[in-house]
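Undergrad: Could you have a look at this structure, given as C-alpha cells, before my questions?
Derivation of every value follows stated rules applied to the coordinates shown; laboratory data play no part. Not measured: the values here are computed from a predicted model. Cβ placement follows ideal geometry from the backbone for every residue including glycine, while neighbour counts extend to all protein chains displayed.
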Amino acid sequence: MIYETLLTETRGAVALVTLNRPKALNALNSVLMAELTDVLADLARDEAIGAVVLTGSDKAFAAGADIKEMQGIDFIDAYLQDFISGWEGVASFRKPLIAAVSGFALGGGCELAMMCDFIIASETAKFGQPEITLGVIPGMGGSQRLTRAVGKAKAMDMVLTGRMMDAAEAERAGLVSRIVAPEQLVEEAMAAATRIASFPRAAVLMAKEAVNRSFEATLGEGLRFERRLFHSLFATTDQKEGMAAFADKRPPQFSNR
Ligand code: CAA
C-alpha cells in the first residue's frame, strides 16, 4: 500500500511505520492522521503482527500538529468536528506500540509519542509542548499524559513556558524508557518490539491493558482487574507451555492459543 505521508515495512512479526513528511518536519496534518489510523487498523487485524514501531526522521519525529493547516480554523468548526479527536485511535491501538524518537517531538509530536506504550529516544531527541507560544494549549493529550509521565512540576514548566527538554532530561523525568545513539534508534526499537512479539499474544495484550488501567482506576480496582486478567491467562495453552518449558529447562514453543 502506498501512502502520501507514511512509509511502512514488516520485519517478521513487527511492523515499522515511519512518518514521512520531511519538508514539514513530519507535521501532523489530517491526511497523516487518516493514514496512520488506517495503517493501525490494518495492523490490528493482521494476526501475523505482534508489535509496531512508530518513528520519524533523524531531524524530527514530528514537529507538532500542522500549524498551516489549522491556522484558519475557528471555534465552531473545531468544536463541531471535534477537531483532532481522531488521534485517540492511536491511543486505543491494542497491540504494543513503541515510539522511536529522534530530533523534534513537539506539540502533537510529543503527544503522539506519549500515546505509544513507551518511548525509546535517540541522544538528539527534543521534547516539548510549545502550543502556548502559538496562543493555544496542547490538544492531543499533552496536559494529561505529560503530567502523568513526568509529574506536575515539570509538566507545568513545559506547558507554560513552551521550552524543550532534551533526551537526558526526558529520561530522568520518566518520559522515555531508554536513550540510544541515533544510528541505533530504529534497530533498538525493532529489537524490543521483536522480543515483545515473541511472547504469547494474549499475555502481551493483557499486560498492556493492565498497565493502562492504572491510569484510569483506583488502586483497589486496578489490582482486582490485574488479578482477573492474571487468572484468565491460566486458561491458555501458552501458560501451560511457558511454565512446562521452564520446569523442563527448554525454550518454550508458544502458539498464541
Ligand atoms: N506545522 C507546519 N509546518 C511546520 C511545523 C508545524 N508544526 N513545524 C515545522 N514546519 C515546517 C516549517 O514551516 C518549514 O517549512 P518551510 O520550509 O515551507 O518554511 C519546515 O517545516 C522546516 O521547519 P523550520 O524551517 O522551522 O526548521 P528549523 O530547524 O528552523 O526549526 C522547529 C525547527 C524548532 C521544530 C520549528 O520548525 C518549529 O518551531 N516548529 C513548530 C513547532 C510547534 O510549535 N509545534 C506545535 C504545533 S501546535 C500543536 O501541536 C497542537 C496540539 O497539541 C495538537
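Undergrad: Please give the calculated 222 nm ellipticity per residue for the chain, where each DSSP H segment of at least 4 residues contributes -39500 (n - 2.57) and the sum is spread over every residue; nearest 500 deg cm²/dmol? Spell out each step's value before the answer.
TA: Numbers: 12 runs with 111 residues, N = 257.
Rounded to the nearest 500, it is -12500 deg cm²/dmol.
Undergrad: Excluding residues on the same chain fewer than 8 positions from Lys240, give the aspartates and glutamates whose Cα lies under 19 Å from its Cα.
TA: Lys240 reaches Asp248.
Undergrad: Calculate, for Glu187 and Phe75, the FRET efficiency according to 1/(1 + (r/R0)^6) with r their C-beta to C-beta distance and R0 51 Å; round to the nearest 0.05.
TA: Numbers: r = 45 Å, r/R0 = 0.88.
Once the sixth-power term is evaluated, E becomes 0.70.
Undergrad: For a footprinting-style exposure proxy, rank Phe104, Phe118, Phe127 by other Cβ within 10 Å, fewest first. Provide the component values of the computation, followed by the final result.
TA: Working: Phe104 25, Phe118 17, Phe127 28.
Taking fewest neighbouring Cβ atoms as first place, the list is Phe118, Phe104, Phe127.
Undergrad: Turning to a different aspect of this structure: Convex hull over the alpha-carbon atoms of the chain: what's its volume per residue in Å³?
TA: Details: hull volume 37.8 nm³, N = 257.
Considering the Cα atoms of the chain, their hull volume per residue is 147 Å³.
Undergrad: Nearest 5 is fine: what % of DSSP beta bridges in the chain come out antiparallel, could you say? Walk me through the intermediate numbers first.
TA: Details: 9 of 31 bridges.
DSSP beta bridges in the chain are roughly 30 percent antiparallel.
Undergrad: In degrees, nearest 10, range 0 to 90: what is the angle between the Cα axis of helix 201-213 and the longest Cα principal axis of the chain?
TA: Around 50 degrees separate the two axes.
Undergrad: I need the fraction of alpha carbon pairs in region 200-248 separated by more than 13 Å, rounded to a whole percent.
TA: Looking at region 200-248, the distances longer than 13 Å represent 58 percent of pairs.
Undergrad: Checking the cross-link filter: which aspartates and glutamates have an alpha carbon closer than 14 Å to that of Lys59, excluding same-chain neighbours under 8 positions apart?
TA: Within the straight-line limit of under 14 Å, Lys59 reaches these aspartates and glutamates: Glu123, Asp166, Glu183.
Undergrad: With an 8 Å cut-off on Cα pairs and a minimum separation of 6 or more residues, tell me the relative contact order of region 6-197 in percent. Kindly include the intermediate steps, with their values, before the conclusion.
TA: Values: 388 pairs, mean separation 42.4, N = 192.
The normalised contact order for region 6-197 reaches 22 percent.
Undergrad: A further question follows. Can you list residues whose amide H is under 5 Å from Val180's amide H, if they're 5+ apart or on another chain and H is modeled 1.01 Å from N?
TA: Sorted by chain and number, the residues that satisfy this are Ala121, Ser122, Glu123.
Undergrad: Using the 10 angstrom Cβ neighbour count as an exposure proxy, how do Thr236, Thr10 rank, fewest first?
TA: Ordered from fewest to most neighbouring Cβ atoms within 10 Å, Thr236, Thr10 come out as Thr10, Thr236.
Undergrad: Using the Karplus curve 6.51 cos²θ - 1.76 cosθ + 1.60 with θ = phi - 60°, what ³J(HN,Hα) values do you get for each residue of region 169-182, in whole Hz, with x for Gly and Pro?
TA: With coefficients 6.51, -1.76 and 1.60, one gets 5, 5, 5, 4, 7, x, 7, 10, 8, 8, 10, 9, 5, x Hz.
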